[in-house]
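Inspection log for the structure reproduced underneath, given as structure tokens.
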Amino acid sequence: LVIIACLWIYSALCGLSPSILRATVMFTFIISADILDRRSNIYNTLAASCFTLLCVDANMLANVGFQLSYMAVIGIVFIQPLIYKWYAPPNWLVDQIWKITSVSIAAQLATSPIGILYFHQFPNCFLFSNLLIIPLTTVILYACIGLLLVSKITVIAQVVGTATKYVIVFTNWLVMQVEDVPYAYVNGLQISIFQSILMYILFLCLIFYFMYQYSWLFKASLMALLYFICINAYQNITQHQQKVAWIYSINNSNAIQLVNGTHAVLLLDSNVRYDKQKFKFHLQQHVWQIGIETIDTITPTSNWQQLKMANTTILLAGKQHDAPNFTSPDYLVIRYQLPVALLEQVQPKQVIISGSLKPFYSKEIETYCQQKNIPVHHVTNSGAFNLSL
């Protein structure tokens, strides 16, 4: 009971994230089974913890951390013992290295479809990096717990705190060094949810085939692979034929992308264009998702601008309060605060409110458009606007 209480206190200190909750609930079930003198099964324990968490919050099922956490544990529990049997280490050190390696392979196999689905990349150096990071993070964990225990003893706490700090700094430096290794990871991978399921079917069929040698399992894995390749080919053909415009939702910024096949022109405010972290966070994933290979990035001016593509006119509103020369556009993108009366002169068929506008002014525009029966889309409230051309 003391251990269970400590687990929950520790998970609360860590912020009760889905992966922490998974571990805490799972170990609570294991310890409870031990208290009741009942034999526990790891798969039943995983299922029970998953069921309990989803009863509390069903939305947790869509959380990436929740999915990765459970799949990693399932991979370690199910696949790692099979991989570990491949090799008999001659001594303790080699055995420890092989254990970490087998755990890394098992976890990577179990989580790679989800990782590719959400993050569009695959780490090529995961075996090497895990050999270094897993021992270091274990040291950091115990050092932090030790620091909590001796926090009242100033002299000892300073020594332990300084040592912990340098281990953390070294670990972060090591991660950055691995990331900078050429071909450390493959970027721009794009799969659908169904393709990620096909990857799991492929892995499971191959694993069970090597375990039981049933030929139909090997045939099923080949069918899953063939289906995966066909879907990928269809997506590539579709992406090469796409003509679409995207108006993105970025706070205090404007981002408009005109896509023609695998080439795009991106009109992007300078505060996002020259900030690599912002671009990576807001746009990079979607650029990969829609198969863009080359991008021409332009910083738009504050003047009124007209864009024409495939007989569709998109008018970008400027800062000037004078009526523009362009009237009756198919779409009017409002980027700056303008008098509502100016919309009467422009007469747009549809209005798109960008993420750079203040909420009170956006509400004023929406109210006007509703009164005049003009379709309006506010990217901050409704997400990015997709215009098929």
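The values are calculated or read from the model by the stated rules, or taken from the named source; none is laboratory data. This structure is a prediction, so every number in the text was calculated from the model and none was measured. Virtual Cβ from ideal backbone geometry, glycine too; neighbours counted across all protein chains shown. SASA here: full protein model, heavy atoms, side chains in, ligands and nucleic acids out. Shrake-Rupley method; radii C 1.70, N 1.55, O 1.52, S 1.80 Å.
Helix 2-13 and the long axis of the chain differ in direction by around 20°, with both axes built from C-alpha atoms. Once you have a ≥ b ≥ c as the square roots of the Cα gyration tensor eigenvalues for segment 1-89, tell me rounded if a/c is under 1.5, and otherwise prolate or oblate according to whether a/b is larger than b/c. In terms of gyration-tensor shape, oblate. Considering only chymotrypsin sites (Phe, Trp or Tyr not before Pro) in DSSP loops that have at most 10 other Cβ atoms within 10 Å, the longest stretch of the chain without any of them is 184-389. Charged side chains reduced to their Cβ positions (Lys and Arg at +1, Asp and Glu at -1) give segment 1-107 a dipole of some 160 debye around its Cα centre. Mean residue ellipticity at 222 nm, helices only, the chain: -19000 deg cm²/dmol; runs of at least 4 DSSP H residues each add -39,500 (n - 2.57), and the sum is divided by the number of residues.
For Rg and Dmax of the Cα atoms in Å, the value calculated from this model appears in [x] 27.1, 83; [y] 25.5, 71; [z] 23.5, 72 under label [x].
The heavy atoms of Cys205 offer some 20 square angstrom of accessible surface to a 1.4 angstrom probe.
Please express the shape of segment 182-324 as an equivalent ellipsoid: the semi-axes are the square roots of 5 times the eigenvalues of the C-alpha gyration tensor, given largest first in whole angstrom.
Values: eigenvalues 377, 58, 23 Å².
Gyration-tensor ellipsoid for segment 182-324: 43, 17, 11 Å.
Given an 8 Å cut-off on Cα distances and at least 6 residues of separation, report the relative contact order of segment 1-138 as a percent.
Working: 97 pairs, mean separation 27.0, N = 138.
Over segment 1-138, the number comes to 20 percent.
Where the centre of each part is set by its Cα atoms, how far does segment 243-296 sit from segment 321-389, in angstrom? Each part's Cα centre sits 21 Å from the other's.
Distance between the 7 Å Cα→Cβ label points at Asp322 and Tyr87: 7.4 nm. Amide H to amide H distances under 5 Å link Leu389 with Lys243, Val244, Ala245, where only residues 5 or more positions off or on other chains count and H is placed in the peptide plane. Mind pulling the angle between the C-alpha long axis of helix 126-149 and the longest principal axis of the chain? Nearest 10 degrees, somewhere in 0 to 90. Approximately 80 degrees, to the nearest 10. Compared with the dominant principal axis of the Cα atoms in the chain, helix 154-179 is inclined by about 60°. Identify all lysines with a Cα-Cα distance to Lys85 below 28 Å; exclude those on the same chain that are fewer than 8 residues away in sequence. Those lysines meeting the cut-off are Lys99, Lys219.
Shape verdict for segment 101-255, please, from the Cα gyration tensor: rounded (a/c under 1.5), prolate (a/b greater than b/c) or oblate. Oblate, since a/c reaches 1.5 and b/c is not below a/b.
By its C-alpha gyration tensor, with a ≥ b ≥ c as the square roots of the eigenvalues, how is segment 53-95 shaped: rounded for a/c under 1.5, else prolate for a/b larger than b/c, else oblate? Because a/c hits 1.5 or more and a/b exceeds b/c, segment 53-95 counts as prolate. What is the percent carbon and sulfur in the accessible area of segment 273-363, measuring with a 1.4 Å probe over the protein chains and ignoring ligands? For segment 273-363, the apolar C and S fraction of the accessible surface comes to 48 percent.
Could you give the length gained by full extension between Asn232 and Thr162, i.e. 0.36 nm per residue of separation minus their alpha carbon distance, to one decimal place? Provide the component values of the computation, followed by the final result.
Details: separation 70, 0.36 × 70 = 25.20 nm, distance 5.08 nm.
Separation in residues times 0.36 nm, less the Cα-Cα distance, equals 20.1 nm.
The phi-based Karplus calculation (6.51 cos²θ - 1.76 cosθ + 1.60; θ = phi - 60°) puts the 3J(HN,Hα) values of segment 361-369 at 6, 4, 5, 4, 5, 4, 4, 4, 5 Hz, whole numbers, x for Gly and Pro. Of the residues Asp95, Asp57, Asp37, Asp180, the one with the largest accessible area comes first in the ranking Asp37, Asp180, Asp57, Asp95, computed with a 1.4 Å probe on protein heavy atoms.
With all protein chains present, how much of the accessible area of segment 86-152 (probe radius 1.4 Å) comes from carbon and sulfur, to the nearest whole percent?
Values: 2920 of 3880 Å².
Heavy-atom surface of segment 86-152 belonging to carbon and sulfur, 1.4 Å probe: 75 percent.
FRET efficiency for the pair Trp288 and Ala310, taken as 1/(1 + (r/R0)^6) with r the Cβ-Cβ distance and R0 = 30 Å, rounds to 0.80. Per residue, segment 114-209 exposes an accessible area of 63 Å² to a 1.4 Å probe, with every protein chain left in place.
Distance from the alpha carbon centroid of segment 65-120 to that of segment 185-227 works out to 17 angstrom. Here's how it looks for His377: its modeled amide H is under 5 Å from those of Val351, Ile352, Ile353, which are all 5 or more places away or on a different chain. Considering only Ile191, Leu1, Phe66, the residue lying farthest towards the positive end of the dipole of the chain is Leu1, judged by Cα position with unit charges set on Cβ.
As a length-normalised measure over Cα pairs under 8 Å and 6 or more apart, the relative contact order of the chain settles at 10 percent.
Scalar couplings 3J(HN,Hα) for segment 216-225, obtained by applying the Karplus form with A = 6.51, B = -1.76, C = 1.60 to θ = phi - 60°, are 5, 5, 5, 5, 5, 5, 5, 5, 5, 5 Hz; x denotes Gly and Pro.
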